[in-house]
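Report on the following structure.
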């Protein structure tokens, strides 16, 4: 089964060594183990974990340079897409952010099992931590997957970025309406869509859209709005 990971990574233009493969094996076993205790992910068989979590998470590396970057994964859940990216690019300075304290404790345990260094794990609301001076405006890249509609995601993620930093958004194939409705959010966040790619995940027929949004100016200090508002009333 692990050959699917190796060949899938090659298809995505990624080469890994045996030590990295071993980390992915441990990660798989940790996901399956923890899924018996909490709902870490709805995907719990080895093949689907490899394709729909690992290869999906790493698919953005076809278009984005992650090496030596300061990255934050917002709404990370079980560590996706951030932890597979960290395994492939160990020099990333990675922050994992999710409001679920339970999932973040599990993710901390998984990272200890993997002996992953250069990480920070935060259990906070996005809307709150984005106003913290220790995290606002300091990241080169924000990544997020399966979290909210595009306008909401922009309000969540852009405030974390340095100017000229990029937000990498993983979406399903049908996002044209979300893109059409995002112009106000892009304007308010001082951002612009610079890349919009569609790929088919290796060993599947699943189509994935990878969007890159660049921060082109200072985001107004009032964003993101208070907890719940970006989802309840998207810009």
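Does residue 107 satisfy being touching a helix residue (DSSP H, G or I) at 6+ places or on another chain (Cβ under 9 Å) and at pLDDT 95 or above? Give the derivation first.
Details: touching a helix residue (DSSP H, G or I) at 6+ places or on another chain (Cβ under 9 Å): yes; at pLDDT 95 or above: yes.
It is true that residue 107 is touching a helix residue (DSSP H, G or I) at 6+ places or on another chain (Cβ under 9 Å) and at pLDDT 95 or above.
Looking only at the range 48-68, how many residues end up being part of a helix (DSSP H, G or I), without any contact (Cβ under 8 Å) to a residue 24 or more places away in the chain and surrounded by fewer than 19 Cβ atoms within 10 Å (Cβ to Cβ)?
Of the residues in that region, 1 qualify.
Just wondering, is there one or more residues in the range 184-198 that are within 21 Å of the chain's Cα centre (by Cα), in a loop (DSSP other than H, G, I, E, B), in contact (Cβ under 8 Å) with a residue 40 or more places away in the chain and over 20 Å from residue 64 (Cα atoms)?
Taking every residue of the range 184-198 in turn, none turns out to be within 21 Å of the chain's Cα centre (by Cα), in a loop (DSSP other than H, G, I, E, B), in contact (Cβ under 8 Å) with a residue 40 or more places away in the chain and over 20 Å from residue 64 (Cα atoms).
Can you name the strands (runs of 3 or more DSSP E) wholly within the range 74-175 that have at least 2 residues being crowded, with 24+ Cβ neighbours inside 10 Å and touching a strand residue (DSSP E or B) at 6+ places or on another chain (Cβ under 8 Å)?
Numbers: elements: 93-98, 119-123, 139-145, 161-171.
Counting at least 2 such residues, we get 93-98, 139-145, 161-171.
Quick one: in the range 226-235, which of the residues that are in contact with a helix residue (DSSP H, G or I) (Cβ under 7 Å, 6 or more places away or on another chain) and exposed (fewer than 15 other Cβ atoms within 10 Å of the Cβ) is nearest to residue 147 (Cα to Cα)?
Applying the first criterion (in contact with a helix residue (DSSP H, G or I) (Cβ under 7 Å, 6 or more places away or on another chain)) to the range 226-235 yields 226-227, 230-231, 234-235.
In the following step, the residues that additionally are exposed (fewer than 15 other Cβ atoms within 10 Å of the Cβ) were identified as 226-227.
Values: 226: 17, 227: 15 Å.
Top of the filtered list is 227.
Listed here are the residues, each with its yes/no results for (1) closer than 15 Å to residue 79 by Cα; (2) free of Cβ contacts under 8 Å to residues at least 24 places away in the same chain; (3) surrounded by fewer than 16 Cβ atoms within 10 Å (Cβ to Cβ); (4) touching a strand residue (DSSP E or B) at 6+ places or on another chain (Cβ under 7 Å).
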site: 9; (1), (2), (3), (4): no, no, no, no
site: 12; (1), (2), (3), (4): no, no, no, no
site: 15; (1), (2), (3), (4): no, yes, yes, no
site: 19; (1), (2), (3), (4): no, yes, yes, no
site: 23; (1), (2), (3), (4): yes, no, no, no
site: 29; (1), (2), (3), (4): yes, yes, yes, no
site: 39; (1), (2), (3), (4): yes, yes, yes, no
site: 46; (1), (2), (3), (4): no, no, no, no
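Out of 54, 89, 96, which single residue is modelled with pLDDT of 95 or more and within 22 Å of residue 156 (Cα to Cα)?
Numbers: 54 fails: within 22 Å of residue 156 (Cα to Cα); 89 fails: within 22 Å of residue 156 (Cα to Cα).
Just a single option satisfies the conditions, and that option is 96.
The values are calculated or read from the model by the stated rules, or taken from the named source; none is laboratory data. Quick caveat, the model's predicted, so the values are computed rather than measured. Here the Cβ is made from the backbone with ideal geometry for all residues, glycine too, and neighbour counts use every protein chain on show.
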